[in-house]
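Chemist: Right, I'll just put the structure down here and ask away after.
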Amino acid sequence: MSQESRRVYPDADALAKGAAVHLMRLAQESVAERGLFTLALAGGSTPRKLYGLLASDPDFRDFPWDKTYLFFGDERHVFPSHIDSNYLMVSSTLLASGLVPTPHVHRIRTELPDANMAATDYDVELHMFFTQEMRLNQYPRFDVILLGMGPDGHTASLFPGSNALEEKERWVVANWVEKFKSVRITFTFPVLNAARTIFFLVAGADKADMLHKVLATKCDTAVYPVQQVQPLDGVKVWLLDSEAAARLPRTISL
Ligand code: 6PG
């Protein structure tokens, strides 16, 4: 059974703060219930503020980092020191704080020359970490997966018209992205839909049209990849700023 909710914040700073509050609450609840918190991070630019806040804002000093395990929902096939690397973005914000125990950071080894090899390597790492009781229908059950959304309706590195959209078995795949003429490594839909909670962080006016299509337009079939994110037994929460939500019917504003 899945639930869906939305929160609209006045701006990107308030969005980051609101997301951090939700995330810390879920982390503390997960640790209380299961002894650990598994979190898959999103890439791109929107979550950067959130990661910075978690690293530096005293309001989040009770975040249970010692029981938190970090993963990456997708990555560009570039060296971890490359400017386009999601790992570099996370390490220069959240990890620079030294709050997260290094062995708890599970990054995608994009230095491997073959993206398929890097995807398989990460798939194996996830299989080793997520033991049977930490799975839902044979897929890893993350406590929280953070996702963004592109103006084209992509999420993670699941782009319109790309092969990975059809993947039903593997947890992680390499995915050629025609518009960037490059390959990405990404979680597949079965993994996203096995999560307990999906947080979509979406900010900026350039997302308003797609959000309207995805959230305010009734359509049975998934036209855009982001619409295929339907947790089987979990919660989907849209955390938006007012620019991104500009074309949506009035919702709950904080
Ligand atoms: C990535 C992301 C991607 C991102 C969207 C939104 O690696 O780029 O995982 O799915 O979330 O492209 O990106 P922005 O936050 O930069 O708008």
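Chemist: Would you pick out the residues in the stretch 174-190 that are of a type in the set (Ser, Thr, Tyr) and either at pLDDT below 95 or more than 10 Å from the ligand (Cβ to nearest atom) (or both)?
Modeler: Filtering the stretch 174-190 for residues of a type in the set (Ser, Thr, Tyr) gives 182, 186, 188.
Listed by number, the residues that qualify are Ser182, Thr188.
Chemist: Oh, and also: Please name all residue pairs, on different chains or six or more residues apart, with Cβ atoms under 8 Å, provided the first residue is in the stretch 192-207 and is away from the ligand (no atom under 11 Å from the Cβ) and the second residue is open to solvent by 10 Å² or more (accessible area, probe 1.4 Å) and of a type in the set (Phe, Trp, Tyr).
Modeler: If the second residue must be open to solvent by 10 Å² or more (accessible area, probe 1.4 Å) and of a type in the set (Phe, Trp, Tyr), the pairs left are Asn193/Tyr139; Ala194/Tyr139.
Chemist: I've got another one for you. Which ones in the stretch 23-65 are within 14 Å of the ligand (Cβ to nearest atom) and hydroxyl-bearing (Ser, Thr, Tyr)?
Modeler: Ser45, Thr46, Tyr51
Chemist: Could we say that Val177 is without any contact (Cβ under 8 Å) to a residue 24 or more places away in the chain and either farther than 20 Å from Ala19 by Cβ or surrounded by 15 or more Cβ atoms within 10 Å (Cβ to Cβ) (or both) here?
Modeler: yes
Chemist: Collect the residues in the stretch 52-103 that are within 30 Å of Trp176 (Cβ to Cβ), in contact with a Phe, Trp or Tyr (Cβ under 8 Å, 6 or more places away or on another chain) and part of a loop (DSSP other than H, G, I, E, B), keeping them in residue-number order.
Modeler: Once the filter is applied, which keeps residues that are within 30 Å of Trp176 (Cβ to Cβ), in contact with a Phe, Trp or Tyr (Cβ under 8 Å, 6 or more places away or on another chain) and part of a loop (DSSP other than H, G, I, E, B), the stretch 52-103 yields Gly73, Pro80, Ser85, Thr93, Leu94.
Chemist: When Phe199 is evaluated against the numbered criteria (1) touching a strand residue (DSSP E or B) at 6+ places or on another chain (Cβ under 7 Å); (2) surrounded by fewer than 20 Cβ atoms within 10 Å (Cβ to Cβ); (3) not polar (S, T, N, Q), which criterion, by number, is the only one it fails?
Modeler: Of (1) touching a strand residue (DSSP E or B) at 6+ places or on another chain (Cβ under 7 Å); (2) surrounded by fewer than 20 Cβ atoms within 10 Å (Cβ to Cβ); (3) not polar (S, T, N, Q), only one is false for Phe199: (2).
Chemist: When the stretch 66-92 is examined, which residues are found to be surrounded by fewer than 20 Cβ atoms within 10 Å (Cβ to Cβ), under 23 Å from Asp13 (Cβ atoms) and of a type outside the set (A, V, I, L, M)?
Modeler: Within the stretch 66-92, Ser91, Ser92 qualify.
Chemist: Read through the list (1) open to solvent by 10 Å² or more (accessible area, probe 1.4 Å); (2) away from the ligand (no atom under 12 Å from the Cβ); (3) touching a residue at least 60 places away in the same chain (Cβ under 8 Å); (4) among the small types (Gly, Ala, Ser), then give the number of the only condition that Gly161 fails.
Modeler: If we test Gly161 against (1) open to solvent by 10 Å² or more (accessible area, probe 1.4 Å); (2) away from the ligand (no atom under 12 Å from the Cβ); (3) touching a residue at least 60 places away in the same chain (Cβ under 8 Å); (4) among the small types (Gly, Ala, Ser), just (3) comes out false.
Residue-by-condition table, conditions (1) touching a Ser or Thr at 6+ places or on another chain (Cβ under 9 Å); (2) modelled with pLDDT of 95 or more; (3) surrounded by fewer than 17 Cβ atoms within 10 Å (Cβ to Cβ):
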| position | (1), (2), (3) |
| --- | --- |
| Leu94 | no, yes, no |
| Val100 | yes, yes, no |
| Arg107 | yes, yes, no |
| Thr110 | yes, yes, no |
| Met117 | no, yes, yes |
| Ile145 | yes, yes, no |
| Ala156 | yes, yes, no |
| Val172 | yes, yes, no |
| Leu192 | yes, yes, no |
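Chemist: Find the residue count for the stretch 66-111, including only residues that are among the polar types (S, T, N, Q) and more than 16 Å from the ligand (Cβ to nearest atom).
Modeler: 4
Chemist: Turning to a different aspect of this structure: Is it true that Ser81 is within 19 Å of Ile185 (Cβ to Cβ) and among the small types (Gly, Ala, Ser)?
Modeler: Values: within 19 Å of Ile185 (Cβ to Cβ): yes; among the small types (Gly, Ala, Ser): yes.
Yes: the conditions hold for Ser81.
The values are calculated or read from the model by the stated rules, or taken from the named source; none is laboratory data. Bear in mind the structure is a predicted one, so any value in this text is a computation, not a measurement. Note that each Cβ is placed from the backbone with ideal geometry, even for glycine, and that neighbours are counted across all protein chains shown. Ligands, DNA and RNA are stripped out before the accessible areas are found, and what is left, the full protein with its side chains, is counted by its heavy atoms. Shrake-Rupley method; radii C 1.70, N 1.55, O 1.52, S 1.80 Å.
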